[in-house]
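First comes the structure, then the notes that go with it.
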Amino acid sequence: MTDTLVADARPTGESVAFDWRQGLPVLRVPAATLREPRLADAPAFFDRLTAPPVARYISTPPSSPVGFERFIGWVQHERYLGRHACLAIVPDGDSFPVGLIQLRLLETGFGTADWGFALAEPYWGTGLFMASARVVLDFAFRDLRIHRLEARVSVDNARGNGVLRKLGAVPEGTLREAFANDLHRTDQLLWALDADQWLARHPQADYRSDLPHVRTPETPRVERRPAEAPWRTRLPDLHGGGVTLRELEPVDAESLARLFADEELRRYIPAPPSTPGDFLRFIQWTHTQRATGSVLCFGVVPDGADAAVGILQIHEREAPFCTAEWGFVLGRPYWGTGCFEHSARLLLQFAFDTLGVQRLEARAMAANARANAVLRRLGATDEGHLRRSFLLGGEYHDDVLWALLANDWRRSRPPGTP
């Protein structure tokens, strides 16, 4: 996603560039307004989105208005960082929201994102959600420049799946045990919408967009929080099979820049940092992400080596690491040596036994036979073929979505494994 985008501030017809991270526009449709949530909306969200019929199919909602304040403060901060856009649905004649639609970054630059939604039960079947969803999708594809938008819906949520089908989404896989909250645990269907197809069907925007005022994130009231996990201060060292996984350090920058300059390695991954200085900034970024608890990045150091020769990452998809996604890159001199599989098993054990991950996903380009084979050997299950999900070198490529469940991993370990 570019740092600036152009919105049509109709009815004047003038195009004005603005940085969406400084504040989302207000989108107006017949019978409703969509705007960024505010702390004052917290009591309405609590009253309208915690009823069992609504809460059954969404992640466990906050248990108090103060909890919703924290959620609103979080989405505003994530918007400021360029990782998240959340719009509240406010019907005409009401001052407070009755639902929300969220867009969340899955890929750097918002090339691929996922979206989720919730609506108070009295408004089901009124057409309010479909009108709001079409506007948000148009905004996502037209203004945020997202090229692929995914949604996950429980297999028994007939209303949610029906809405996605009406919007033109395509089901691409069934995700095992991908949804769990305090009320419900089910598989999910993965749906996807493609920007080119959407814009071909909707050549003109059919909503008004008012430019926002610059909005700095609000500060919610403080709730007592649980003690933070030790790994948020520093990642532990993991040893085994002739390899160590440890936190990336500045000493790794030169080694990683040299190994990742290999054209064969770059065939299947987003462009990595190109110089030791760029890698140093990346390493500093990983430390910040680890402190926030959202991304953990280990360096792969074979016995006898001083610097990392590869990287393994875990991204939190559903807090607190119930569902996560992992990725990996290893320098070509170490392919076929067993270094990766030993490293992967150390990471998987840490993910399931320390982080408490219940479902761990990985995406591998469909053409990357080596990566897909190693995921199969690790016990992962192929759960979907994702169309045009990865942009590399100016071309779109399909991905395969793999998943490992915690129970499957534990059953597969030899008896006595620590």
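The values are calculated or read from the model by the stated rules, or taken from the named source; none is laboratory data. Values in this document were obtained by computation on a predicted structure and should not be read as measured data. Ideal geometry is used to build each Cβ from the backbone, glycine not excepted, and the neighbour counts take in all protein chains shown. What goes into the accessible areas is simple: the full protein's heavy atoms, side chains included, and nothing from ligands, DNA or RNA. Shrake-Rupley method; radii C 1.70, N 1.55, O 1.52, S 1.80 Å.
Per residue, the chain reaches -8000 deg cm²/dmol at 222 nm when only DSSP H runs of four or more residues are counted, each adding -39500 (n - 2.57). Its Kirkwood hydrodynamic radius, worked out from the mean inverse distance over all distinct Cα pairs, puts segment 317-362 at 11.5 Å.
Computed from the C-beta positions of residue 354 and residue 204, the FRET efficiency with R₀ = 56 Å rounds to 0.65. For segment 350-418, a crude dipole built from +1 on the beta carbon of Lys and Arg and -1 on the beta carbon of Asp and Glu, taken about the Cα centre, is about 220 debye to the nearest 20. Placing +1 on the Cβ of every Lys and Arg and -1 on the Cβ of every Asp and Glu, with nothing else charged, gives the chain a dipole about its Cα centre of roughly 540 debye. Which listed residue (367, 338, 349) has the Cα farthest towards the positive end of the charge dipole for segment 321-394, taking +1 on Lys and Arg C-beta and -1 on Asp and Glu C-beta about the Cα centre? The Cα lying farthest towards the positive end belongs to 367.
So, with a 1.4 angstrom probe, what is the percent of accessible area on the chain that is carbon and sulfur? Within the chain, the accessible surface is 53 percent carbon and sulfur. Go ahead and run the numbers for FRET between residue 155 and residue 284, Cβ-Cβ distance against an R0 of 35 Å, rounding to 0.05. For R0 = 35 Å, the calculated efficiency reads 0.25.
Using +1 at the Cβ of each Lys and Arg and -1 at the Cβ of each Asp and Glu in the chain, identify which of 161, 144, 32 lies farthest towards the dipole's positive end. With unit charges placed on the Cβ atoms, the residue in question is 161. Taking amide H as placed 1.01 Å from N in the peptide plane, residue 208 has its amide H under 5 Å from the amide H of 28, each at least 5 places away in sequence or on another chain. Under a model in which nothing but the beta-carbon of Lys, Arg (+1) and Asp, Glu (-1) is charged, segment 164-209 shows a dipole of about 180 debye around its Cα centre. Applying 1/(1 + (r/R0)^6) with r as the Cβ-Cβ distance of residue 391 and residue 211 and R0 = 25 angstrom yields a FRET efficiency of 0.30. With θ taken as phi - 60° and the Karplus curve 6.51 cos²θ - 1.76 cosθ + 1.60 applied, the whole-hertz 3J(HN,Hα) list for segment 352-364 is 7, 8, 9, 6, x, 4, 9, 9, 10, 10, 9, 10, 10 Hz, x standing for glycine and proline.
The residues of the chain expose on average 46 square angstrom of accessible surface per residue, using a 1.4 Å probe on protein heavy atoms.
Computed extension length for residue 411-residue 335: 24.6 nm, one decimal, from 0.36 nm per residue of separation with the Cα-Cα distance subtracted. Since only 174, 122, 241 are under comparison, the one whose Cα sits farthest along the positive direction of the charge dipole of the chain, derived from C-beta charges on Lys, Arg, Asp and Glu, is 122.
In plain terms, if you count all Cα to Cα distances in segment 250-292 and split them into 10 Å steps from zero, the share in each step is 29, 49, 21, 1 percent. Working from label points 7 Å from Cα in the Cα-to-Cβ sense, the residue 22 to residue 233 distance is 4.0 nm.
Modelled spin labels at residue 124 and residue 38, positioned 7 Å past Cα toward Cβ, are 3.0 nm from each other. The label point for residue 63 and the one for residue 262, both projected 7 Å from the Cα toward the Cβ, are 5.0 nm apart.
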